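The values are calculated or read from the model by the stated rules, or taken from the named source; none is laboratory data. For clarity, every value in this text was computed on a predicted model and none was experimentally measured. Cβ placement follows ideal geometry from the backbone for every residue including glycine, while neighbour counts extend to all protein chains displayed.
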Amino acid sequence: MKKYIGCDLGGTNLRAALVDVESGEVLHQKSIPTLAREGHDAVMGRMADLFLQVIRSVGMQKDDIGGIGIGVPGVLDLEKGETLFLPNLPGTWPHVPLADTIMRLTGLPTALLNDVRSITNGEWRFGAGRGVDTVAVFAIGTGIGGGLIVNGQLHLGIGGTGGELGHTMIDFNGPRCGCGNNGCLEAYASGPAIAAMGMKAVSQGLTTRIAELCEYDLNRITPELIAKAAEAEDEIAKDIYEKAGFYIGIAAASICASIGPQRIIIGGGVAQAGELLLDPIRRTLRKRVHIMPVEQVEVVLSQLGDNAGVIGVACWAASMNEQI
Ligand SMILES: [Zn+2]
């Protein structure tokens with residue numbers, strides 16, 4: 001079977017990996033700065049060069065490559081292969097024919113997929129979602145991304161917009177979310193929301209290890225630092241993770257009711273807190289879900305780390321090729 005290229009188009013870095021889509025192995029990878037301020041034409045040119053370089057550097061020819069998958073941070077028109085709105089890239093890339101342009105520049109079939117749906121596909125095929133057919137993924141970082149596998153298929157919805165689990169509403173009167181709605185999970189349990197809980201505790205003058213660890217500099221408070229304080233048995237830090245896990249659990253309870261997942265995967269930088277976060281999620285689910293066998297729902301950490309997206313989108317490109 002031919003190898004595929006999986007690409008992660010990030011606001012800061014462009015990463016391309018050569019992936020064996022039968023084993024999920026990353027055979028080679030290279031990362032370069034996106035230089036997004038130069039505009040989409042320049043970025044697409046650099047992407048195409050990067051792909052060709054990756055192919056050459058392992059001594060392969062274009063004929064050995066089945067195609068390219070690009071994980072894109074934003075909203076896409078999957079049918080046209082266009083980007084519609086990439087909030088983290090200058091200019092936001094409205095109606096940029098990304099798939100056609102890369103196909104023209106490289107001569108290889110190219111498929112697009114949202115970046116967190118790429119991660120979802122990767123974790124399902126070769127990571128924490130292996131062996132089950134209905135999975136929900138929460139990727140908790142600067143925002144909260146998500147993705148769903150339903151009945152053995154990556155769920156897309158209109159234009160691939162389905163699966164935005166970070167925008168599950170957990171309080172319709174809640175604080176404003178970046179998406180324009182109120183009370184989305186992302187406004188409560190993203191990395192910045194968790195850090196903000198730590199900042200509030202320190203600025204209120206509460207006695208907490210968080211204050212010592214950040215040396216009373218609020219800007220140094222991160223979810224990681226709060227996790228460190230919690231591991232040292234700091235009650236306030238433990239309470240912050242308890243709250244974050246509760247909020248995620250509330251959103252996950254709605255997902256249990258709607259899709260009956262066998263597994264819920266928690267990934268992203270904040271998931272490094274491990275059991276500090278998973279434990280309250282599990283407890284909240286057990287308390288709040290009664291309509292389905294919640295004791296059978298496993299809540300686990302993601303397994304593929306930074307490689308999930310490039311592996312997932314390479315597999316996506318392969319599955320698109322098989323359909324032709
Ligand atoms: Zn939202």
Matching residues in segment 150-175 - criterion: being touching an Asp or Glu at 6+ places or on another chain (Cβ under 7 Å) and modelled with pLDDT of 95 or more: ASN151, GLY152, GLY166, HIS167
Residue list for segment 86-131, filter: free of Cβ contacts under 8 Å to residues at least 12 places away in the same chain and under 30 Å from LEU301 (Cβ atoms): ARG130, GLY131
Residue under evaluation ILE65, criteria (1) within 15 Å of ALA314 (Cβ to Cβ); (2) of a type in the set (A, V, I, L, M); (3) crowded, with 23+ Cβ neighbours inside 10 Å, criterion not met: (3)
Within segment 39-74, considering residues that are in contact (Cβ under 8 Å) with a residue 40 or more places away in the chain and in a loop (DSSP other than H, G, I, E, B), the one nearest to the chain's Cα centre (by Cα): PRO73
Answer from TYR241, TYR188 - the residue that is within 16 Å of the ligand (Cβ to nearest atom), closer than 24 Å to LYS287 by Cα and of a type outside the set (A, V, I, L, M, F, W, C): TYR188
Residues (out of contact with any strand residue (DSSP E or B) (no Cβ under 9 Å at 6 or more places or on another chain), part of a helix (DSSP H, G or I) and either within 24 Å of GLY245 (Cα to Cα) or at pLDDT 95 or above (or both)) located in segment 280-324: PRO280, ARG283, THR284, ARG286, LYS287, ARG288, VAL294, GLU295, GLN296
Residue list for segment 140-185, restricted to those being crowded, with 16+ Cβ neighbours inside 10 Å, away from the ligand (no atom under 11 Å from the Cβ) and aliphatic (A, V, I, L, M): ILE140, LEU148, ILE149, VAL150, LEU154, LEU156
Boolean, THR106 is within 15 Å of the ligand (Cβ to nearest atom) and either of a type outside the set (Ser, Thr, Tyr) or touching a helix residue (DSSP H, G or I) at 6+ places or on another chain (Cβ under 8 Å) (or both): no
Residue match in segment 207-230 (condition: under 19 Å from the mean Cα position of the chain (by Cα), part of a strand (DSSP E or B), more than 16 Å from the ligand (Cβ to nearest atom) and touching a residue at least 40 places away in the same chain (Cβ under 8 Å)): no
Residue within segment 161-169 that is over 20 Å from GLY6 (Cα atoms) and assigned to a strand (DSSP E or B) present: yes
